[in-house]
1. Would you compute, from DSSP H runs of 4+ residues alone, the mean residue ellipticity of the chain at 222 nm, taking -39500 (n - 2.57) per run and dividing by the full residue count, rounded to the nearest 500?
2. How about segment 84-143: which trypsin sites (Lys or Arg not before Pro) there are in a DSSP loop, with at most 11 other Cβ atoms within 10 Å of their Cβ?
3. Can you give me the Cα centroid spacing of segment 25-102 and segment 112-156 in angstrom?
Amino acid sequence: MEKIVVSIVMGSDSDLPIMEEAAKILEQLGVGYELDIVSAHRTPEKLFDYAKNAHTRGIQVIIAGAGGAAHLPGMIASLSPLPVIGVPVKSSNSIDGWDSVLSILQMPGGVPVATVALNGAKNAGILAAQIVSTASKETQDAIIAYKQTLQEQVLEKSARVRR
């Protein structure tokens, strides 16, 4: 098992189908991760403990997904020295996901959150791996191979449709 260096958290288990995409790509790239539910509104004590201590457990990057008001990524970023990647999730109480996007995107100066597209957990996983790769040649090699595969897939599709 790889050393756990990325933490994936979400506000609710309803976010799990989206956030699992981050886990899948991290597995594919050989990056160790953990997965948990940390609600900014329903478990604030857990949130504070998690955010203040993730770096002491060897975590290097946090991916935080949330829908609706989507305070989870920003609150974690306000308490943690680690890079935080926010994943806005289109939830059942969402306004087409825009509330989540804007809640994560519009952070005040001094509290940055890198934000991916609505339901973009896969890209959050790739970005987390790229951050980890600055100190891991093995991870960087896996990302290079992954991107080469993407290129090959597009060229194959191009050859099939080109006339």
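1. For the chain, the value works out to -15000 deg cm²/dmol.
2. Loop-located and lightly packed - none at all.
3. 18
Quick note: the coordinates plus some simple rules give every number you see, no bench work behind them. A quick note: this is a predicted structure, and the numbers were derived from the prediction, not measured. Neighbour counts run over all protein chains shown; Cβ positions are idealised from the backbone, glycine included.
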